[in-house]
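Have a look at this one before I ask anything.
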Amino acid sequence: MQAQEIKDRLRALLKEASSIDSNLAKKLDEINRWVKDVKQGSLTSKKFVMFFLQQMIGDAQIWLDIKAQTSEEERQLYYQQMTATERYWYSYLFPKWLEQNDSKFLIWKQKLMAGEFNQADTTLLQSIAAEVVRREGTFWQCYIADLSMATDIIISNKQQKPLCSQITSLSDEFSQEKYEYWKSTLQHWGIDRGLFLSYNPNTIDGVNQIVNVVLYNSDRQRINLYLKLNL
């Protein structure tokens with residue numbers, strides 16, 4: 001999707017949302033004002049901004065499709081066609097984000113636009129996601145979950161119980177403060193369980209070990225537990 005197409009799509013979705021969901025319209029209006037005066041070439045060069053805008057357009061369209069279902073039964077049928085992690089995002093976390101004030105949103109939008117955002121763990125997370133799918137699990141990743149909800153990846157296993165997971169290479173003595181911040185962020189968003197996993201980046205079989213732990217805890221971890229583990 002090109003920069004002008006993204007701007008046009010944002011405006012169209014904003015217009016549609018204005019008569020359907022005021023919370024979505026408010027977020028889209030904020031995003032539209034953020035990018036509307038950025039020149040096309042400049043916007044195109046900011047790849048992380050472009051990635052976020054495309055994610056937001058996709059989320060907004062699906063949310064409007066959900067809202068278009070005229071009965072609860074139709075909405076449930078719509079959700080049933082999603083994976084467990086998609087369903088968790090669109091039936092719970094995304095509407096929460098629309099309803100609540102996100103104190104981090106302004107900050108990370110500015111960082112994205114300024115080019116201060118660096119997804120150093122992209123390759124690791126892609127490898128984790130691929131291995132999860134290979135084992136017939138499902139995953140969800142997006143900027144809102146990552147930057148506002150302290151969740152690198154949401155993973156669901158056989159029991160279809162999505163688990164919000166933060167993967168960090170920090171050594172144990174430096175990770176406690178980050179863990180406490182992570183836990184409070186999850187609780188703020190009503191996420192009732194999570195996994196904070198520190199790993200050694202020099203481990204030969206690191207991806208498999210991470211996936212083993214996350215899939216196991218997705219099925220078995222109890223509610224109101226924010227587990228901190230080290231590999």
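The values are calculated or read from the model by the stated rules, or taken from the named source; none is laboratory data. Here the structure is a predicted model, which is why all the values come from computation and not from measurement. Here the Cβ positions follow ideal geometry from the backbone for every residue, glycine too, while neighbour counts run over all protein chains shown. To get the accessible areas, we keep the full protein, side chains included, count just its heavy atoms, and leave off ligands, DNA and RNA. Shrake-Rupley method; radii C 1.70, N 1.55, O 1.52, S 1.80 Å.
Rounded to whole Å, give me the distance from the Cα center of segment 29-84 to that of segment 120-187.
Measuring centre to centre over Cα atoms gives 21 Å.
Please give the per residue accessible area of the chain, computed with a probe of 1.4 Å over protein heavy atoms only, in Å².
Dividing the accessible area of the chain by its residue count gives 52 Å².
To continue, here is another question. With springs only between Cα atoms under 10 Å apart, run a GNM on the chain and tell me which of 94, 51, 196 wobbles the most.
51
Can you give the Kirkwood hydrodynamic radius for segment 189-231, in Å, rounded to one decimal and based on Cα pairs?
Kirkwood radius, segment 189-231: 11.2 Å.
Here's a follow-up. Exactly which trypsin sites (Lys or Arg not before Pro) in segment 1-56 are in a DSSP loop and have at most 15 other Cβ atoms within 10 Å?
36, 39
Still on this structure: What Kirkwood Rh does segment 71-208 have if only Cα atoms enter the pairwise 1/r average? Answer in Å.
The answer is 16.3 Å.
Cut-off under 30 Å on the C-alpha distance; same-chain residues fewer than 8 positions from residue 178 excluded. Which lysines are left, in chain and number order?
27, 46, 47, 96, 104, 109, 111, 158, 161, 228
Going by amide H atoms built from the backbone, whose H comes under 5 Å of the H on residue 231, apart from near neighbours?
When sequence neighbours closer than 5 places are left aside, the close amide H contacts are 198, 199, 200.
Let me ask you something else. Would you mind computing the Rg to Rh ratio of the chain from its alpha-carbon coordinates, Kirkwood style for Rh?
With Rg and the Kirkwood Rh in hand, the quotient comes to 0.97.
Now a separate question. Using r as the Cβ-Cβ distance of residue 37 and residue 111, and R0 as 22 Å, what FRET efficiency do you calculate, to the nearest 0.05?
Step by step, r from the Cβ atoms, then E = 0.75.
Report in % the part of the accessible area of segment 81-170 that belongs to carbon and sulfur, leaving out ligands and nucleic acids; probe 1.4 Å.
46
Also: Looking at the chain, identify the longest residue range that excludes and avoids all GluC sites (Glu not before Pro) in DSSP loops having at most 13 other Cβ atoms within 10 Å.
1-115
List the aspartates and glutamates whose Cα lies under 13 Å from the Cα of residue 26, skipping any in the same chain that are fewer than 8 positions away.
Those aspartates and glutamates meeting the cut-off are 16, 99, 102.
Continuing with this model, one more query. Find, to one decimal place in angstroms, the Kirkwood hydrodynamic radius of segment 37-137, where the mean of 1/r is taken over every pair of different Cα atoms and then inverted.
Over segment 37-137, the inverse of the mean reciprocal pair distance is 16.2 Å.
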